[in-house]
Amino acid sequence: MPRQFRPLDRRVLWIGFVAMLLGVAVAIVAKLLTALIGLITNLAFYGRLSTSFASPAGSHVGLWVIFIPAIGGIVVGIMARWGSRAIRGHGIPEAMEQVLLNESRIPPRMTWLKPVSSAIAIGTGGPFGAEGPIIATGGALGSLIAQLMHVTADERKTLLAAGAAAGMAAVFSAPISAVLLAIELLLFERRARSLIPVAMATTVGTGVRYVLEGNQAMFPMPGIATPALPALAAYVAFGLLAGIASVGITKLTYGIEDAFEKLPIHWMWWPALGGIVVGIVGYFAPLTLGVGYSNIAGVLAGHMGLGAMLALCLLKLLSWSVALGSGTSGGTLAPLFTIGGAMGGVLGLWLSAVAPWLQIDPRMAALVCMAAIFAGASRAFLTSVVFAFETTQQPHGLLPLLGACAAAYLISGLMMRNTIMTEKIVRRGVRVPSDYAADYLDQIYVRDACSRNVVSLRAEQTVTEVRQWLACEQAAAKHQGFPVVSDNGELMGVITRRCVYDVSLGQDTRIGSLIQRPPLVVREDHTLREAADHMVESGVGRLIVVSTQMPHRMVGIVTRGDLLCAHARRLKEARDASRHLGGNANAA
């Protein structure tokens, strides 16, 4: 009898404990990486030795601002060529690829190559956020620890996702959205055995952040009121526009990446070319340089004017898309939040001026578009909604966030097949699941799908008798396998047609003597998922079904064909549309 599936066991306690230790380690790594970015920024733009987080926008290096990002790009290119090419990009797609194709085994060198290369790229003015590299580093550290332990591939995936989620939580003080990000982009499931360790890691990671940096909101906002119905409708419309913008941003980014692929120079030099563009844009718009968390906070607080936000939106998009397309090392979350927030601020200020009766709050519009553009680009829908709430601590924003992110998700899904997170690896032939549904086979009992009219053979029958019967072309004789029962009706095993027709058998050989192993059975109260797993593990295509109350009594047989037929109802429910109230009014 196969054991019935248990959603939780004591093994989860051990994985959860490891995840908690991992959360502490990743939070400390996040702090160290932030300090490293600050050190490189201070050295590159201010010529001082300090680890304090500084923005390149306040420096006075003149035309040198054009060349500093290019120098950082050269260093990143060298590290990518002779270290690991996997450091290129924003990290999450690479982690997804390792989960899907390599059993969550990330090379150990990525635990230091990714953060160091990203710190160099960001510290020299790269328009990226620190969260992407930290998420990638946390995932690599979780994978490394798991590779040192005796764990399954599923447990290794859980620890990878726990490290990545703890990294995001440690940066933004957003533990719930970090868990949701792990579910929507890394785990490809929502099961208790993976959800609990990830939640424990993010809880601990956020707690360590509280100790190191305090528990204040990442992007503090003045209080915002509950929106009226006209304003709510406008915010949902903003979400539609953000969805269209997210599609355009994704296509632009990968279009630029395709353009770099056509250059007649080695890819090692592409980040330097992208760095020149970053430097030129940064010379005219210094706010586009660096992580730009202060820009997001300024937009959400309403401290920027219309012109400043419009310039920030367009020039940040140009700088970031070229830099990311060039293959340098950096993240996507903060740039998308900056672009979306500035776009929403512009729309909010404009609409509040031309239609004051809508009662639009430009700060709310910025918050809504910030989340919606990330929801459209990544399709991490729940992550986007909860993240905007956690980083601002504005509960009145939840309803417009929900409507706007749903609208952006809808538009993105209709207009674009892949996302900014999956396009790169899909191009390499990776199939990325996008919708997670309950296992249909786990919802059906064996008793409801098995065949009850079982044709069996008697143990005392000879091979000759059975061969003659098989040759009679009756419907009952066309099966590929037959249960064998003893004189008193007890199940002995199963034999196949191939076994009966073995030329080495004597004519008087008894069927009962051909049984080579005990029968493989399932009970009526097992699910089809358990039956399918039992078939796979045993290498057979059929199982005998026995009574739950009388385990030695055969009541049916379940085959691979029965498993396929069980999906007919699922397909019918998904495809067939019909009316019921009119024609089946008496069904109740």
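Descriptive notes on the structure:
- Condition met for GLY274 (modelled with pLDDT of 95 or more, under 20 Å from ILE420 (Cα atoms), in contact with a helix residue (DSSP H, G or I) (Cβ under 6 Å, 6 or more places away or on another chain) and among the small types (Gly, Ala, Ser)): no
- Residues that are charged (D, E, K, R) and under 23 Å from the mean Cα position of the chain (by Cα) were ranked within segment 76-108; the one that is modelled with the highest pLDDT is ARG105.
- Contact annotation: residue pairs with Cβ atoms under 6 Å, 6 or more positions apart or on different chains, pairing a residue in segment 364-390 that is polar (S, T, N, Q) with a partner that is part of a helix (DSSP H, G or I) and open to solvent by 10 Å² or more (accessible area, probe 1.4 Å), are THR383/LEU180; THR383/GLU184.
- Neighbours by Cβ (under 9 Å, 6+ apart or cross-chain): first from segment 285-303, without any contact (Cβ under 8 Å) to a residue 24 or more places away in the chain; second open to solvent by 30 Å² or more (accessible area, probe 1.4 Å) and not in a helix (DSSP H, G or I): GLY298/MET304
- Here segment 512-526 is the region considered, the condition is being in a helix (DSSP H, G or I) and touching a residue at least 12 places away in the same chain (Cβ under 8 Å), and the residue that is nearest to ASP487 (Cα to Cα) is GLY512.
- Here the condition is being at pLDDT 90 or above and open to solvent by 10 Å² or more (accessible area, probe 1.4 Å); of LEU312, LEU349, LEU336, it holds for LEU349 alone.
- Among (1) open to solvent by 60 Å² or more (accessible area, probe 1.4 Å); (2) in contact (Cβ under 8 Å) with a residue 40 or more places away in the chain; (3) of a type in the set (Gly, Ala, Ser), the one test that SER578 misses: (2)
- Residue in segment 435-468 that is farthest from the chain's Cα centre (by Cα), counting only those that are at pLDDT 85 or above and part of a loop (DSSP other than H, G, I, E, B): CYS450
- Test: residue in segment 527-547 that is open to solvent by 100 Å² or more (accessible area, probe 1.4 Å), free of Cβ contacts under 8 Å to residues at least 40 places away in the same chain and assigned to a loop (DSSP other than H, G, I, E, B): no
- Yes/no for ILE120 being touching a residue at least 60 places away in the same chain (Cβ under 8 Å) and either part of a helix (DSSP H, G or I) or buried (at least 17 other Cβ atoms within 10 Å of the Cβ) (or both): yes
- One residue stands out in segment 218-245 among those that are assigned to a loop (DSSP other than H, G, I, E, B) and under 30 Å from the mean Cα position of the chain (by Cα): the one that is surrounded by the fewest Cβ atoms within 10 Å (Cβ to Cβ), namely PRO220.
- Within segment 100-117, the set of residues being assigned to a helix (DSSP H, G or I), open to solvent by 20 Å² or more (accessible area, probe 1.4 Å) and in contact (Cβ under 8 Å) with a residue 40 or more places away in the chain comprises LEU100, LEU101, VAL116.
- In segment 359-434, counting only helices (runs of 4 or more DSSP H) that sit wholly within it, the ones holding 2 or more residues that are modelled with pLDDT under 95 and surrounded by fewer than 18 Cβ atoms within 10 Å (Cβ to Cβ) span 398-415, 423-427.
The values are calculated or read from the model by the stated rules, or taken from the named source; none is laboratory data. This is a predicted model, so every value here is computed, not measured. Note: ideal-geometry Cβ built from the backbone for every residue, glycine included; neighbour counts use all protein chains shown. Ligands, DNA and RNA are excluded from the accessible area calculation, which covers all protein heavy atoms including side chains. Shrake-Rupley method; radii C 1.70, N 1.55, O 1.52, S 1.80 Å.
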